[in-house]
Amino acid sequence: MDAATQLAHALAAAIARELGVRALSLKGPIAAHYELRAPRASADADVLIEPERFTEYCAALESRGWHTRVGRETPALIPQHSMTYIHADWPCDIDVHWMFPGFFADAADAFDILWSSRQEVSVAHVPVQAPSKAGSAVIMALHAERDRRSPKHLEERELVSVALREAFTTSERDEFTTIARAGRAAWTLRDYFVLADLGPVVVDADAEQQRRWALFSTRVDDASSVAWWHHVRAAPWSQKPRWIVRAIWVSRADMPRNDREDLPSRREMWDYQIHRWRRGAEATLRYFLGKR
């Protein structure tokens, strides 16, 4: 799997070069290269595309046989930020991002600040463009902050914090601070500013952005159910019945799967619905008990 993921990074970079699109490889082998996470196999290759050319890039990927999984759009606590592509001949995914969660600046501005200090890194013996060490630390810190309960994310959080305190040069620490502030991620990364003594924390997210991020990062496993609840609650009364039905029922055609032509059986549909209802009820109960 690790070899396939590295080749997927190389493929993503090759497509970007062919199109003349700016693309940055993220996480995975890039984080390992900078020693910002322990080496391990990744199930996907993450690439951040300049937002203005995201659609063009995805079309090029699709022309090579990659496609998205079947599924419907649903409410979310944080904005949708990527499209996941799969291929019948590849064991890994490619996650194509037009923005990275935790940055609250305009997506193009956040991309530009990461691009401005990019470095060339060899992945699968192919040169790819990647954020600098400081830029990659910002990305890994934002990724870790998305789930403040997961052991894996807590480990990543500790690795980045230790690197900032003990391994980064003064210029790298300054660059981390500059990227975080320019991308309006200083509030998201406030703990790193304190732990690594990076200077005063700037509150650069508005109250609603803070509320949604805090809710998502502490309830990521229940985020879908919580997002549905908030969406139904905010909908006009005339639309609430329609959204309640959509929250409860998923048609066979919309059931998540890899192959659009492989329609689930009615038994599979009911098994999926019952499992989903059980998870949704448990998540909703945890949410309301947690609010007490």
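The values are calculated or read from the model by the stated rules, or taken from the named source; none is laboratory data. Remember, predicted model here, so these are calculated numbers, not experimental data. Every residue, glycine as well, gets a Cβ built from its backbone with ideal geometry; the counts of neighbours run over all protein chains shown. Just the protein is used for accessible areas: all its heavy atoms, side chains included, with ligands, DNA and RNA removed. Shrake-Rupley method; radii C 1.70, N 1.55, O 1.52, S 1.80 Å.
Largest first, the residues K133, K240, K152 sort by 1.4 Å accessible area into K152, K133, K240.
Between the amide H of R257 and those of V70, distances stay under 5 Å, these residues lying 5 or more places away or on another chain, with hydrogens modeled in the peptide plane.
Bridge orientation summary for the chain: considering DSSP beta bridges with both residues in this region, about 75 percent are antiparallel. Of all complete DSSP H helices in the chain, those with a Cα span along the helix axis of 24 Å or greater and a mean Kyte-Doolittle hydropathy of 0.5 or more are 2-19. Distance between the 7 Å Cα→Cβ label points at L195 and A38: 1.6 nm.
Solvent-accessible surface of the chain, averaged per residue with a 1.4 angstrom probe and all protein chains in place: 50 square angstrom.
Sort the stretch 59-184 into rounded, prolate or oblate with this rule: let a ≥ b ≥ c be the square roots of the eigenvalues of the Cα gyration tensor; rounded if a/c is under 1.5, and if a/c is not under 1.5, prolate when a/b is larger than b/c, oblate otherwise. Prolate is the answer for the stretch 59-184, as a/c is 1.5 or above and a/b outweighs b/c. Solvent-accessible surface of protein heavy atoms, probed at 1.4 angstrom with all chains present, puts V232, V162 in the order V162, V232, largest first.
In whole percent, and with a 1.4 Å probe on the protein chains, what portion of the accessible area of the chain is carbon and sulfur? Carbon-and-sulfur percentage of accessible area, whole number: 54. With the helix formula -39500 (n - 2.57) applied to DSSP H stretches of n ≥ 4, the chain reaches a computed 222 nm mean residue ellipticity of -15500 deg cm²/dmol. Among 45-57, 67-79, the peptide with the highest mean count of other Cβ atoms within 10 Å heads the list, and the full ranking is 45-57, 67-79. Computed with a 1.4 Å probe on the full set of protein chains, the accessible area for S161 sits at about 10 Å².
The separation of the stretch 1-60 from the stretch 232-262, counted between C-alpha centres, amounts to 32 Å.
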